[in-house]
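The values are calculated or read from the model by the stated rules, or taken from the named source; none is laboratory data. Note that the coordinates shown come from a computational prediction; the quantities given were computed from them, not determined experimentally. Virtual Cβ from ideal backbone geometry, glycine too; neighbours counted across all protein chains shown. Ligands, DNA and RNA are stripped out before the accessible areas are found, and what is left, the full protein with its side chains, is counted by its heavy atoms. Shrake-Rupley method; radii C 1.70, N 1.55, O 1.52, S 1.80 Å.
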Amino acid sequence: MKKILSVSLILACCFSAVAGNKNILPYKDASLPVEERVEDLLSRMTLDEKIAQLNQYSLGSNDNVNNNGEMVKVLPPEIGSLLYTADDAVSRNAMQKRAMEETRLGIPILFGYDTVHGYRTIYPIPLAQGASWNPDLAGEACRVAAQESYDVGIDWTFSPMVDVARDPRWGRVAEGYGEDPYLTSVFGASAVKAYQGDDMSEPGNIAACLKHYVGYGASEAGRDYVYTEISRQSLWSTYLPPFEAGVKAGAATLMSSFNDISGTPGSANHYTMTEILKEMWGHDGFVVGDWHAVKQLVTQGMAPDDATAVEYAINAGLDMDMTDNLYMPHLASLVESGRVSVDRIDDAVRRILRIKFRLGLFEHPYVEEKPENERILLPESLDVARRLAEETFVLLKNEEDVLPLKPGQKVALIGPMAKSQKDLLGSWHGRGLAEDVVSIFDGLSEVLTEAPAYAAGCGFEGDDRSGFDEAVKTASEADVVVLCLGERYSWSGENASRSTIALPEIQEDLLKAVKAAGKPVVVLLSNGRALDLTRISPLADAVLEIWQPGIMGGPAVASVLTGKTNPSGRLTVTFPYTTGQIPIYYCQRHPARDGSQGRYQDIPSTPMYEFGYGLSYTSYDYGTLTVSADSFTVNDTVTARVAVTNAGDMDGKETVQWYVCDPYSTITRPVKELKHFEKKLIPAGESCTFEFEIDPMRDLSYVNWKGERILEPGDYYIIVKDQKVCITLE
């Protein structure tokens, strides 16, 4: 009898459990596929609830427990996303609680932020990261940035920026990886994978956002927010490849661009956002507008009013409106009038919900409110910051082996950058603080037997030369001078275009004055763009480009200057002789005439420092470049090899850059194109073999104006250093 009762009890419990599962709404059932959950939730939403999901507002750093989170109380809990700028998760969780408990459907909010090169542990600017030629190490930095962002409640970063930029007057050149589409593609894909991990729902992973889609880096004359003239062929060959690589890497979202692309602004461009991104590439995430990008369609002369701007943007494929507050008041009436379809609204909402489900926000809407010492500036994070900074530095000049510094040398540290902290952070430095930064002075003081003698000399700009005499005296009493010049952090980044890329005259004059002391001068440059060094390089015995290296800039500089670390950075932007040479980049197409005809008659046509350039404290000897086959078919692969020997007495990392040249094609090609690179540590006296496995369609073809890949028979050249080998496609 007891056994029968036990069985009955078990059956009753099982029936109760099954009945309970049936009562769970499908979109809340984590066991169901994401697409089923999305469709179920979408079917339950009213038009107003759908429209709310398409908007992003801001939740600021003043909204914390101390002022009772007034904005948390005011913001609509049905909102799709919030730009979150607080320093902990308290306000975020309070707002999320409202979304989960005070709304009819309990749809979690997506919290986004500009974690561009670190959240609190600030890494070198992306332009510097590209100069490392080490996407794996840059990916480690992105992993830390994701963890720190996640722990404060951020689910989504507006990074990486994969705009190809070839005009250093444009301030936002600092935010990308340089002038080359392939290198930008590799670093962008690495960042996406690092931010998102294998499963975005796992703790510590956040959604990535490729920006700015597309062609923003082609802004005329380096001015921000302006018109860009981009042919369809250039769009496909130069500006789209990094975005396609990021989409293939799994990027959850993209951000539309401000720029007007040949007459159609990026934020109202159906061809780029819908036809290419969503239809051709099959991207199933969503597109968010840049800050006030929808409103700016009026300013750009496309839309006569806000409602029309919304109509153009949403119909072109812009799914979420960032901070304009235009979608919320206008979309319902646009749907009612038939100017925007319900299907288009559903498509946009579906894409946003899909990312929220993939992030696991429905199951885990809140984040643990950890103390600061458990989530930021961790020792292992600082180690990554130091190692990455070291690999980004580019040694541009080193006459008479002035570097590395010799033991026992008395060092004079001079210049406006020597003790600066905030300026080493660079633009878009997240929640980074100047107090977190180890300055160049402090970094050197830690490793030198005797702390360097210091004199500022002058400020970053202006006419105050009253400090020159002290700087010259300090230099004359030293064995070697390290002169720290460069740009303020605010001189690059958004809305930071400059008409000249030369440093202010006062800094150049300081170099002249210090040089007159007769001591060897090492110029350290910290900046967010390529610079005009015409008057600087000739006066310097050594030039080390350190970019804007982040919070561990000081220790990284000390390690490289003293020879503990061998510099291995290589330029990913061309350094012209003068601003007047712009645009100048390595992969230009052939001119109609050879020689000097048609070139500038008053300045060189070659750059001061070319793409891929960089010196080392050791020397590398390249063996003979060989290929596995001289001729091949489209179905073959060809392997190119070259042995590289470290001929010096210091271990070093060398990057072998593989280029392809197609000398004759139906659509003309650049003089050479980067197609592969690899960086390896080569111990002193040892050799290492580098390989490039050439896939004909991937590596030798080109795209036409429709994005179709074309591979033509004929000769191709594989280029490494000053060697090239011909291979023939039959």
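Overview of values
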read-out	value
Probe 1.4 Å - accessible area at Cys587, Å² to nearest ten	10 Å²
Portion, in percent, of the accessible area of segment 363-446 that falls on carbon or sulfur, probe 1.4 Å	46 percent
Structure-based [θ]222 nm, the chain - -39500 (n - 2.57) summed over DSSP H runs of at least 4, per residue, nearest 500	-8500 deg cm²/dmol
Sparsely packed trypsin sites (Lys or Arg not before Pro) within segment 630-730, loop by DSSP, other Cβ within 10 Å at most 13	Lys706
Whole-percent pair-distance distribution, where bins are 5 Å wide, for the alpha carbons of segment 560-664	2, 9, 13, 15, 14, 15, 14, 11, 5, 1, 0
Cleavage-rule hits, chymotrypsin sites (Phe, Trp or Tyr not before Pro), segment 520-616, DSSP coil, Cβ neighbours within 10 Å at most 13	Tyr600
Cα-only Debye scattering, segment 202-246: base-10 log of I(q)/I(0) at q = 0.23 Å⁻¹	-0.83
Solvent-accessible area, 1.4 Å probe, carbon plus sulfur percent, for segment 162-223	44 percent
For segment 493-628, alpha-carbon Rg over 2.2 N^0.38 Å	1.24
Overall dimensions of segment 671-730 as given by Cα atoms, namely Rg and Dmax in Å	14.9, 50
q = 0.20 Å⁻¹: log10 I(q)/I(0) that the Debye formula gives for segment 419-572, counting C-alpha atoms only	-1.48
Span from the segment 150-174 Cα centroid across to the segment 401-451 one, whole angstrom	25 Å
Descending principal axes extents, segment 635-681, alpha-carbon based, whole Å	48, 25, 14
Taking N as its residue count, the alpha carbon Rg of segment 607-730 over 2.2 N^0.38 Å	1.17
Environment charge of Glu368, counting only residues whose C-beta is closer than 10 Å and scoring Lys/Arg +1, Asp/Glu -1	-1
Quotient of Cα Rg and 2.2 N^0.38 Å for segment 78-204, N being how many residues it contains	1.18
Square roots of 5 times each gyration tensor eigenvalue, C-alpha, segment 159-318, largest first, Å	24, 19, 14
Cα pair distances exceeding 12 angstrom across segment 278-319, given as percent	59 percent
Stokes-Einstein diffusion coefficient of segment 241-370, Kirkwood radius over Cα pairs, 10 °C, 1.306 mPa s, in µm²/s	103 µm²/s
Radius, Kirkwood style, for segment 373-418 when every pair of distinct Cα atoms is counted (Å)	14.1 Å
Segment 357-408: GluC sites (Glu not before Pro) in DSSP coil with no more than 16 other Cβ atoms inside 10 Å	Glu363, Glu368, Glu369
Environment charge at Thr565 (Cβ cut-off 12 Å; Lys +1, Arg +1, Asp -1, Glu -1)	+1
Equivalent ellipsoid semi-axes - Cα gyration tensor, segment 421-479, angstrom	25, 19, 6
Most to least accessible of Thr184, Thr562 (protein chains only, probe 1.4 Å)	Thr562, Thr184
Pairwise label distance in nanometres, Arg589 with Ser341, each label 7 Å out on the Cα-Cβ vector	3.8 nm
Asp88 accessible area, 1.4 Å probe, all protein chains in place, Å² to nearest 10	50 Å²
Rg in Å to one decimal, and Dmax rounded to a whole Å, for segment 378-506 via C-alpha atoms	16.0, 45
Orientation-averaged projected area, Cα convex hull of segment 534-596 (nm²)	6.8 nm²
Unit Cα scatterers, Debye sum, the chain: log10 I(q)/I(0) for q = 0.05, 0.08 Å⁻¹	-0.28, -0.68
Carbon/sulfur fraction of accessible area - segment 531-630, other protein chains in place, 1.4 Å, %	48 percent
Surface per residue (accessible, 1.4 Å probe) for the chain, Å²	39 Å²
Length-normalised contact order of the chain in % [C-alpha pairs under 8 Å, at least 6 apart]	13 percent
Percent breakdown of C-alpha pair distances by 5 Å bin, ordered from the shortest bin, for segment 329-451	2, 7, 9, 13, 12, 10, 8, 7, 6, 7, 7, 5, 3, 2, 1, 0
C-alpha center-to-center spacing [segment 271-312, segment 559-629] in angstrom	38 Å
Radius of gyration, Dmax [segment 580-623; alpha carbons; angstrom]	14.4, 40
All-pairs alpha carbon distance profile, segment 321-399, 10 Å steps from 0, percent	13, 20, 20, 19, 17, 10, 2, 0
